[in-house]
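Okay, so here's the structure we're looking at.
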Amino acid sequence: IHNAYNNINLLKPLGIEMEPGPLEAYLKDDDRTIAQDFLKKNSIKTAAYIFFHNGSSLIKPNSEKKRLSFDTVDKLMKMYLDAGIPVIYNAGPDEWHIPDIPELIILQGQNIRTVGAIIESAAIVVSNDSGPMHYAAALGKKTIGIFGNTDARKAYPFKVKSVVIESDFPCAPCYVDYAQRYFPCKHEKFNPQSETFPCMAAFEPQKIFDETIRLMEED
């Protein structure tokens, strides 16, 4: 079950049973003003762009490998842009791959509340399993969640309109205990020196693109 249910179930020994509500995030007017200034500077209209995130903190060994491959990201960005959809590419502090695509708008060096305000103004958020994906859910945004080695059953975008894209590898997900202190991989093609896990490298850009467009067009 989702981690939100696991957390709320901790109250049962106290005789408290309840259904968890949606995630919540609160922004200030100043956060929204900074975000709108950023959009205006880059000539982007509210609700007319994709917010894309493919990062991960480095808090656990191998956590950087739960990102889509750089090649997949580059191809996907070009597909969005060729379709006439602006993209804001969120590059967190631990990000080392930023596509060299002039039309791409890079968001970098902003505090988390400003990032939240830019998420709030997006048409849709496309992200690997990461903090910004859950931030998007907390802000009520349509979300595409991409899960390879991590367990979508426990961490899907909670109580928000979303599409979960999971790996079809028989060994996925392998990271099923979110208390584990590292990200394992026993796939025969796993190379510790590679940029990502084999399951994350196998996602097709066309699949992600098609699901993005479909969810964007849903009421």
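Specify which residue in the list 50, 172, 208 is farthest towards the positive end of the charge dipole of the chain, using unit charges on the beta carbon of Lys, Arg (+1) and Asp, Glu (-1), about the Cα centre. Value: 172. Computed on the chain, with alpha-carbon pairs under 8 angstrom and 6+ residues apart, the relative contact order is 24 percent.
Per residue, the chain exposes 52 Å² of accessible surface when a 1.4 Å probe is rolled over the protein heavy atoms with every protein chain present.
When the solvent-accessible area of the chain is split by element, carbon and sulfur atoms take up 52 percent of it, the probe being 1.4 Å. The percentage of C-alpha pairs in the chain whose separation is greater than 21 Å is 55%. Gyration tensor over the Cα atoms of the stretch 59-166: the corresponding equivalent ellipsoid has semi-axes (square roots of 5 times the eigenvalues, largest first) of 20, 17, 15 Å. Comparing 137, 47, 122 in a Gaussian network model of the chain (Cα springs below 10 Å), the most mobile by mean-square fluctuation is 47.
What stretch of the chain, leaving out the sites themselves, is the longest with no GluC sites (Glu not before Pro) in a DSSP loop having at most 16 other Cβ atoms within 10 Å? Counting only loop sites that pass the neighbour cut-off, the longest clear stretch is 104-187. If you run the Gaussian network model on the chain, springs between alpha carbon atoms under 10 Å, then out of 147, 190, 209 the most flexible one is 190. If you average 1/r across every pair of different Cα atoms in the stretch 3-65 and take the reciprocal, what Kirkwood value do you get, in Å? With all distinct Cα pairs of the stretch 3-65 included, I get 16.3 Å. Put 153, 181, 214, 113 in order of accessible area, highest first, and with a 1.4 Å probe you get 181, 153, 214, 113.
For the chain, modelled as a GNM whose springs connect Cα atoms under 10 angstrom apart, the maximal fluctuation among 193, 36, 110 occurs at 193.
By the helix-only formula, in which each DSSP H run with n ≥ 4 contributes -39500 (n - 2.57) and the sum is divided by residues, the chain has a 222 nm mean residue ellipticity of -9000 deg cm²/dmol.
Rounded to the nearest whole Hz, the Karplus-based 3J(HN,Hα) values (6.51 cos²θ - 1.76 cosθ + 1.60, θ = phi - 60°) of the stretch 160-170 follow the sequence 9, 5, 8, 10, 9, 10, 10, 5, 9, 5, x, with x at glycine and proline.
Direction-averaged projected area, Cα convex hull, the stretch 104-219: 8.6 nm², rounded to one decimal. Cα centroids of the stretch 122-143 and the stretch 1-67: 6 Å apart.
The values are calculated or read from the model by the stated rules, or taken from the named source; none is laboratory data. Not measured: the values here are computed from a predicted model. Counting neighbours? That spans all protein chains shown, and the Cβs are built from the backbone with ideal geometry, glycine included. To get the accessible areas, we keep the full protein, side chains included, count just its heavy atoms, and leave off ligands, DNA and RNA. Shrake-Rupley method; radii C 1.70, N 1.55, O 1.52, S 1.80 Å.
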